[in-house]
Amino acid sequence: MNLKTMHMPSKRLILSYVFDWIVIIAIAAVGAGWNYIKPFHRPFSPVDLSISYPFEKHETIPTWLLVVCGLVIPAAITFLVCLIFVPGPTASRGTPKSLIWRRKIWEWNTAWMGLALALATAFMITQGMKLLFGKPRPDLLSRCQPDMSRLQETAVNTIGESFDRAWVLVTSDVCQNQDDDILQDGFKSFPSGHASFSWSGLLYLTLFLASKFSVAIPFLPPRPFSTNPDHTSAIAPSNLKSKSILPLHKKESNLASPSFSEEKVVPIRYQAAAPPVYTLVLVLVPIASAIYITSTRFTDYRHFGFDLLFGSLIGIISAWFSFRWYHLPITRGAGWSWGPRSYQRSWGIGVGVGSYVGTEGWSQSGRSQTTEGLTESERYTNGHGGLTESERHTDERRVDPAHAI
């Protein structure tokens, strides 16, 4: 593999993406660090049946298995898809190997960056909210093992005492359990970490597979207004490939008798079609897995229904946001991720620039991916919407007669 033919990006650009990885890891590290902070302890009643479920020591989906399902498996599948199916059938047999591998590596990088961002964001938000709300789990009383003789001492509200001495709200000081980890975890019911983590990782995998294999509800793009009936006709064929051997005599048309002979038409029913059903099954398997993982937290008495719904919502939003951060829309993106930033804009842009992609390419010696094939005049005209300041000065000198060659 010849490095010169790969047009290697500049160190400035590479370092900017390395820093992106560092930020993502830092987000996850903040979430992990919050796990060692004691959560808020919401007062509870020792006779509240909703928090009286038994404490299950053996979880259906333990944490290590959650990591495998939500992180390891999606990471492995996205890697294999990028390795095997990228760049796809659009690359001809004569395409240079260097270009093919550059596409594979970039798609792999964006696939993992999106997955990592989804998981890290959901993890940090969930862990932080657990600390803030301190909601008791359904099995809190089993974890707490309250000392009923200290109800008066630890009570925060004795309004129900006239009915029964146990009808009071007490603090966690009433608990006798000496295992502090089990007790502290009992106040982390909202939101569900298993739900947010599984949905962020597995829904991201679903969106990734749907993008790469074009699995989406058929999309009808908007079209200019036309009164041509062929657009919606049940019998009109597409005329894009129709060619006449003999020359056609153009008919003069007016508003009273419109002519559509020269209009290129593809009837709307031919502009899209439903993908094979097996591809739908393929992308729905990760969603079904996320639903199952979420359900086990209910049957293991770890969370209430609202905790699971809100945790799932965090994961869903994180997955969608992270996918769109690095990938084109599923219905219009042809399975590609966004390309890299231009090297002069890799660390940020100022007001009025408008885009992280310019005409300067990935390095000073590299070619621009946005202006390749344009003439100098076209590049200059386009540049005022995308050229850097240095490029503008260079092109201005070229068109100035005093600097003419």
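The values are calculated or read from the model by the stated rules, or taken from the named source; none is laboratory data. Note that the coordinates shown come from a computational prediction; the quantities given were computed from them, not determined experimentally. Using ideal geometry, Cβ is built from the backbone for each residue, glycine included, and neighbour counts are taken over all protein chains shown. Each accessible area value is taken on the protein alone, full model and side chains, heavy atoms only, with ligands, DNA and RNA left out. Shrake-Rupley method; radii C 1.70, N 1.55, O 1.52, S 1.80 Å.
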Does segment 293-309 contain at least one residue that is part of a helix (DSSP H, G or I), open to solvent by 80 Å² or more (accessible area, probe 1.4 Å), under 22 Å from Leu71 (Cα atoms) and out of contact with any Leu (no Cβ under 9 Å at 6 or more places or on another chain)? yes
Scanning segment 223-237 for residues that are among the aromatic types (Phe, Trp, Tyr) and in a helix (DSSP H, G or I) gives none
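What about Asp173, is it without any contact (Cβ under 8 Å) to a residue 24 or more places away in the chain and open to solvent by 20 Å² or more (accessible area, probe 1.4 Å)? Spell out how you get there, then give the answer.
On the way: without any contact (Cβ under 8 Å) to a residue 24 or more places away in the chain: yes; open to solvent by 20 Å² or more (accessible area, probe 1.4 Å): yes.
Yes; evaluated as a whole, the condition is true for this residue.
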Of the residues in segment 109-158, those that are open to solvent by 20 Å² or more (accessible area, probe 1.4 Å), in a helix (DSSP H, G or I) and without any contact (Cβ under 8 Å) to a residue 24 or more places away in the chain number 3
Considering every residue within segment 45-60, establish whether at least one is open to solvent by 30 Å² or more (accessible area, probe 1.4 Å), within 26 Å of the chain's Cα centre (by Cα) and not polar (S, T, N, Q).
no
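Among the candidates Ile25, Ile84, which residue alone is open to solvent by 80 Å² or more (accessible area, probe 1.4 Å) and free of Cβ contacts under 8 Å to residues at least 40 places away in the same chain? Working first, answer last.
On the way: Ile25 fails: free of Cβ contacts under 8 Å to residues at least 40 places away in the same chain.
Result: Ile84 is the single residue among Ile25, Ile84 that is open to solvent by 80 Å² or more (accessible area, probe 1.4 Å) and free of Cβ contacts under 8 Å to residues at least 40 places away in the same chain.
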